[in-house]
Each structure stands twice: as structure tokens, then as C-alpha cells.
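The values are calculated or read from the model by the stated rules, or taken from the named source; none is laboratory data. These numbers come from a predicted model, not from an experiment. Here the Cβ is made from the backbone with ideal geometry for all residues, glycine too, and neighbour counts use every protein chain on show. These area figures cover heavy atoms from the full protein model, side chains too; ligands, DNA and RNA do not enter into them. Shrake-Rupley method; radii C 1.70, N 1.55, O 1.52, S 1.80 Å.
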Amino acid sequence: MSEQEIRVPDLGGADEVEVIELLVSAGDSVEAEDPILTVETDKASVELPSPGAGKIIKLTVKVGDKVKEGDVVGTMESSGDSAGATEGSGSQPEQKPEEAPEARQESKPAPKKQSGGSRKETVLVPPLDGMEKVPVIEINVSEGDVIEADDALVTVESDKASMEIPSPYGGKVVKILVAEGDKLSEGDKLLELMIEGGEGEDQDEEPDGVSEAVPAQDEKSEAKADEKVQGKEPAPQSQGSVYEPPGSGSKVHAGPAVRKLARELGADMTRIKGSGPKGRILKDDVQTYVKSQLQQAQQSGSVASGSGIPGVKLPDFSQFGDIQKETMSRMMAVTAANMQRSWLNVPHVTQFEDADITDMEAFRKSQKAAGEKKGVKMTPLPFLLKACATALAELPQFNVSLDMERKEVIRKQYIHIGIAVDTPNGLMVPVIRDVDKKGLWELAAESAELAQKARDKKLKPAEMQGACFTITSLGGIGGTAFTPIVNAPEVAILGVSRAAMKPVWDGSEFQPRLMLPLSLSYDHRAVNGADAARFTSLLGQLLGDIRTLLL
Ligand code: CAO
């Protein structure tokens, strides 16, 4: 055991830097290279590593102090396991991405000449400062996303630091070529980007029509790394299922060690309030957040994710007869978890209504020939979509999501509706965007196309995201009513059963009318029963006289 000074190592060219976070306290045991404190230059945040293994005796700096290379920041009792530092001198740590701002200042490749049109670029992994096979811990974009230059594409993490790889250009993500867990090295292909306003497709292209671009690891990437994280729910591209992840995209400011801790504890950093300088999230903030979440859950007996209730015990079924076991498909497992989460978290109520669609059906059938000409089949679904869009606009309390932690109601200014599609692989919910702005033929064509894509497993993640409300129609199959499960974080879902002729009293006699059973399940936290009755009555009126859809 010997006493050793902890000194500020080479800061990659930065002069004086500010201490923004102390990561250890007197008495803490550390391993060689464990982060001791975080400093921030105008370009990057850097964690200063311990020069060896041992016990911290004291730190001689505090948050806000300015330090430079060679300054003593504390002392430790060394247990002899040095990370290559000479006793009494500062360690010269291996340059890690988060620790080497100068290594990131390569210039960004200049976009090729601009002559209108668009071109496809394959974005490659930039130099990773000597590191190889660094695992991808997060994919920050989805196919179809429109991004700007320097937006984070993926986050990679070595054993010491995490970094985001920024996009060299703005454009549309065409194809993601990596998955979480993949190990990346310089030059590996990350994704394909369609760049608008670039050169024509025939100019300077690779033989396959795709050129390659390496993102620069410049200072902006570090700034971005500190700013933006995506939600930590399962990545949408791997789900192919009913519910989309919230994908917050909120801004957070935190160092790699804090991010790592939050990830390990499963804490969503966008929900944590930072107590450090400029709202920076510190380790203490993560721990306090997790503690408060646990306390809340214990006090309220919360059953989020089904964790608060005992599981169903399974007997040995083979004692009753022959059985076969098969592993659930990923889609089934994700759908099951989502269903359970919604069912347990959302206080459901279902409101029933019969809509008189006699005239609507007469009109729909009259459009058969027109449909054949257009190559589009007009089913009741487009009418339902249009009626729901009108009802959502008139009763906007149905077009919200609730953030119970922040006590916020998120009101959506757009009307995108999901349609549940029964496929051989399970339930999928493609989303039709801006339903309020589309006509019946357009909705008929789009819903048929999306349903087919779902059945062919060709839906893109972006085509299953962003719904405000869902329609699940079992009308083509049968049934008189059912209680659908709200597709949280949406707050309502319309179930549609099979239309049937029924005697309806018109005040003087019974009339044979074609009645369509509607079942509206809603989240009773967001919507009250009176509003639900208004919603289904309105649907009844709109479908009963489809001319009102034009008003
Ligand atoms: N009442 C009576 N007939 C109906 C009807 C209704 N409510 N809805 C549709 N039909 C008719 C259609 O008009 C069509 O008949 P024709 O061929 O004579 O015109 C037939 O049923 C089949 O329609 P469809 O199902 O192909 O088309 P759609 O637009 O109504 O529905 C889709 C499309 C994707 C919603 C549907 O195919 C589907 O997958 N439904 C299942 C959804 C599901 O599984 N939900 C459960 C989720 S919870 O587990």
C-alpha cells in the first residue's frame, strides 16, 4: 500500500477545464481506470480515470474548479495495481472516444457537388480512436426518419466510454445495416442515407449506385452525445407488433458513467431531473430517481409490466396427456408483454353502440364498379376511418396520451389511426397517417396495401408508429361485440363486429336495418364515460348518414 497523487492527465489539447462532477468520495474503493471525476471543455466532457486500483483518500477539487494537465485532484492509497502510471505523476490514460476530444476533430467529408436530385450514401463507421469491435448499445434512428447532419445515428460503448456516431449529412434513413449488439470497427457499414439536393444518381456513384460517407467525430458529436437519447423501450424495428415504444427523443446531459448506470438500472434518463451544472444528470440523481420509483411502486402496489402480481403457476401438463413445447416467436412474446402492460396499466371501460349503416352499405355497394375500375376494394373500413378521424377532431380528449409521472396530458395535433391486421404471424398494427386529410378511395387503397404488407411481413417500423387511436375490425369474421384492449399509450380503441339486419323501431313500426356493432374501449383516466357515449353516438350519426362526413 502506498499513497499516490491523482493528477489530471493529457487533455487532448484542452487548456483549462471545469470540474463538473465528482464521481467518487473519500473512502471509495476504485479499480484502475475507474472514472474519478468529469471535466468539461467547450467541446467535450471527459471522465478522468483512476491511475490505479486502491482507495480514495481525498479529492482536493470541487465542482466548478478549473484544472489543467498535471494538476493534483486528489490522493489515493494504491493497492499496487497501477494502470501504467508512475507513482506521484498523473496517469496518461489510453485515449477513449469520450476522453479524447482532439481525436474527434477530423473534418467532416464535404458533401459532393450539389446539382439537385438525390443520392444514396452508405455511412461508414468513422475512426474509433484505435478501438475495434465496439458494441452498438443503441440505434438512435429508424428507417424512414429524416435526420440532420450531426444527428446521432447509433451509440457505441467501450468498457470505459460511450459515444454517439453522428451523421455526416442530413437526409432520409433508407436502411439500417447494423443491429444492437453488433460489434463495429472503423469502416463498417452503418446505414444507407438518401440525401436530397445532392448530385444526380449518375454522378460519382459506386457501381451499386451507393456511395460511402464516413461521419466525422467532431466536437459536435460530443455535444450531441450529451444532448439526445432515445427512449429505452425495445427498438421498434425489432418489434413488428402492436405497440410502439414511446421514443422520447428528449434531451439529457450526462457523462458515460452516469448513462451506463442508468442503463444498468433500467432508468429512462429523459425522466430524471439533473442536479448538476446546467441540469447535468449525476449518479446521485439516477439513484434518487430509481429509489423514488421503487418507493412509489411499493406504496401504490403498482403492477406496471405485471411485476407486482404473482405469476400463474404452471402444472406439469404431461401428467394429463401428451404435450409439445415450442418457443414463442419474438413477435408473440413482445405482443403478449405489450397486451399485459396495457391491460394492467390502463383502467379500461368499453362503451357499446349500434350504428345504422343501411344507407352507407347501399352507397358502398354502388361503388363496386368504380372500385373495380380503380383496382381498389371499398370495404366498411375506410368509412370507419373517416368517421373516427372526424370524431377525434370533435372530441380531442380522445387524441391524447398521458404522462402520469410528469402529470401531463400530451395533445396530438395530427390524426394518425392504426388498423389491427390479423396475419399468420400474429397481430400487426400499421398506421395510416393524416386520415382526416384523405378521401375514402385513398384510405381504401392505403389500408389494403398496409394490410397486405403486414401479411407479407414487409411493414417498415415507421409504418407501425405514431398512431393516435386504433381500429380493430373483426367484422369480416363475425361476432356481436368484444372488449378490445387499448393500444397504450393511446387512450382509446374501436372494436367493430359483424353488421347484421335487425328490427329497429322507427316510432310507429319496426324497420329492417343493417346495424354495425361498435365497441369503444377507453382509458378512463383520460376519458370519462359521458365523452365515450358522445364519441360512439357521433360515430353512429356519421356512419348513419355519411354525408355528414363532408361537413
Ligand atoms: N360487417 C359485415 N361485413 C364486414 C364488416 C362488418 N363490420 N367488415 C368487413 N366486412 C366484409 C367486407 O365488406 C368484405 O366483404 P365483401 O368481400 O363481401 O365485400 C369482407 O367482410 C372481408 O373484409 P376484409 O376483412 O377483407 O376487409 P376490411 O377492410 O373490412 O378489414 C382488416 C381489413 C385488415 C381490418 C381485416 O382483414 C383484419 O385483419 N381484421 C382482423 C383484425 C383483428 O384481428 N383484430 C383483433 C385485434 S385484437 O386481438
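Return the total of residues in region 195-204 being open to solvent by 40 Å² or more (accessible area, probe 1.4 Å), in contact with a strand residue (DSSP E or B) (Cβ under 7 Å, 6 or more places away or on another chain) and either at pLDDT 90 or above or not in a strand (DSSP E or B) (or both). Outline the logic, then answer.
At the first step, the residues of region 195-204 found to be open to solvent by 40 Å² or more (accessible area, probe 1.4 Å) are 196, 201-204.
Now drop any that are not in contact with a strand residue (DSSP E or B) (Cβ under 7 Å, 6 or more places away or on another chain), which leaves 196, 201, 204.
Applying the additional criterion that residues be either at pLDDT 90 or above or not in a strand (DSSP E or B) (or both) yields 201, 204.
Total satisfying the criteria: 2.
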Looking at (1) over 25 Å from Thr270 (Cβ atoms); (2) open to solvent by 10 Å² or more (accessible area, probe 1.4 Å); (3) more than 16 Å from the ligand (Cβ to nearest atom), which is the one condition that is false for Arg406? (1)
When you look at Ala448, is it part of a loop (DSSP other than H, G, I, E, B) and either open to solvent by less than 30 Å² (accessible area, probe 1.4 Å) or within 13 Å of the ligand (Cβ to nearest atom) (or both), yes or no? no
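Which strands (runs of 3 or more DSSP E) sit wholly inside region 458-516 and have at least 1 residues that are within 20 Å of Asp531 (Cβ to Cβ)? Walk me through how you get there before you give the answer.
On the way: elements: 469-473, 492-496, 500-505.
It comes to 469-473, 492-496.
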Might you let me know whether region 533-549 holds any residue that is within 38 Å of the chain's Cα centre (by Cα), within 30 Å of Ala336 (Cβ to Cβ) and free of Cβ contacts under 8 Å to residues at least 40 places away in the same chain? no
Counting just the residues of region 25-76 that are charged (D, E, K, R) and outside any loop (DSSP other than H, G, I, E, B), which one comes out surrounded by the most Cβ atoms within 10 Å (Cβ to Cβ)? Glu47
List pairs: first residue in region 471-485 and polar (S, T, N, Q), second residue assigned to a loop (DSSP other than H, G, I, E, B) and open to solvent by less than 60 Å² (accessible area, probe 1.4 Å) anywhere in the structure, Cβ distance under 7 angstrom, at least six positions apart or on different chains. Thr472/Ala420; Thr472/Pro484; Thr480/Ser497
Note on region 380-395: residues surrounded by 13 or more Cβ atoms within 10 Å (Cβ to Cβ) and not small (Gly, Ala, Ser) are Pro380, Leu381, Pro382, Phe383, Leu384, Leu385, Lys386, Cys388, Thr390, Leu392, Leu395
One residue from Asp456, Asp436 being open to solvent by 40 Å² or more (accessible area, probe 1.4 Å), free of Cβ contacts under 8 Å to residues at least 60 places away in the same chain and within 14 Å of the ligand (Cβ to nearest atom): Asp456
